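This report concerns only the one structure given below.
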């Protein structure tokens with residue numbers, strides 16, 4: 001089934017609106033539609049402008065045969081498989097394995113926990129700085 005402009009316009013794409021604190025007005029974008037951005041002076045204006053921008057973006061994508069992500073499909077995430085190889089020293093491999101066993105979980109789960117914990121600390125520190 002070929003999806004039409006009307007089909008895509010009917011989908012609940014997430015709209016992000018951000019006030020421009022330096023120059024005034026608002027900026028808006030649809031995260032699932034890369035490059036679909038706009039700006040306006042008022043809140044009412046930004047909503048109308050965003051709808052116009054979305055329509056124009058979708059029309060161009062359909063004409064050019066560009067793949068259009070649907071809501072819930074983060075276009076940026078589509079480029080990541082969730083897997084990567086990592087070479088580590090044997091001594092670290094042994095240590096991670098022992099700690100995972102002590103926690104009663106797989107080494108994969110333990111490494112995921114450590115990565116997520118460190119990433120959260122790193123992200124929090126960047127916001128505080």
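None of the figures in this text is laboratory data; all of them are computed from the coordinates on show. Worth saying up front: this structure is predicted, and the values here are computed from it rather than measured. Cβ sites come from the backbone with ideal geometry, for glycine too, and all protein chains shown count toward neighbours.
For the residues 115, 5, 96, 86, what sequence is obtained by ranking on other C-beta atoms within 10 Å, fewest first? Working shown, then result.
Values: 115 10, 5 13, 96 16, 86 5.
Going from sparsest to densest Cβ surroundings: 86, 115, 5, 96.
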Relative counts (whole %) of C-alpha pair distances in the chain, using bins that are 10 Å wide: 10, 25, 23, 19, 15, 8, 0
Degrees, to the nearest 10: 90-103 long Cα axis against longest axis of the chain: 80
Degrees between helix 107-128 axis and first principal axis of the chain (Cα, 0 to 90, nearest 10): 50
Candidates 28, 60, 116, ranked by Gaussian network fluctuation over the chain, Cα under 10 Å, top entry: 116
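Determine, for 87, 55, the number of other Cβ atoms within 10 Å of each Cβ, and report the residues in order from fewest to most. Provide the component values of the computation, followed by the final result.
Numbers: 87 5, 55 14.
So the residues, fewest neighbours to most, are 87, 55.
Among 107, 43, which comes first, second and so on when ranked by fewest other beta-carbon atoms within 10 Å?
Values: 107 15, 43 11.
The order, fewest Cβ neighbours first, is 43, 107.
Starting from the alpha-carbon convex hull of the stretch 5-64, give the projected area averaged over all orientations, in nm². Write out the running numbers ahead of the final one.
Numbers: hull surface 16.2 nm².
Projected area, direction-averaged: 4.1 nm².
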Acute angle (nearest 10 degrees) that the helix 43-64 long axis makes with the longest principal axis of the chain, alpha-carbon atoms: 80
Helical contribution to [θ] at 222 nm, DSSP H n ≥ 4, -39,500 (n - 2.57), averaged over the chain, rounded to 500: -16500 deg cm²/dmol
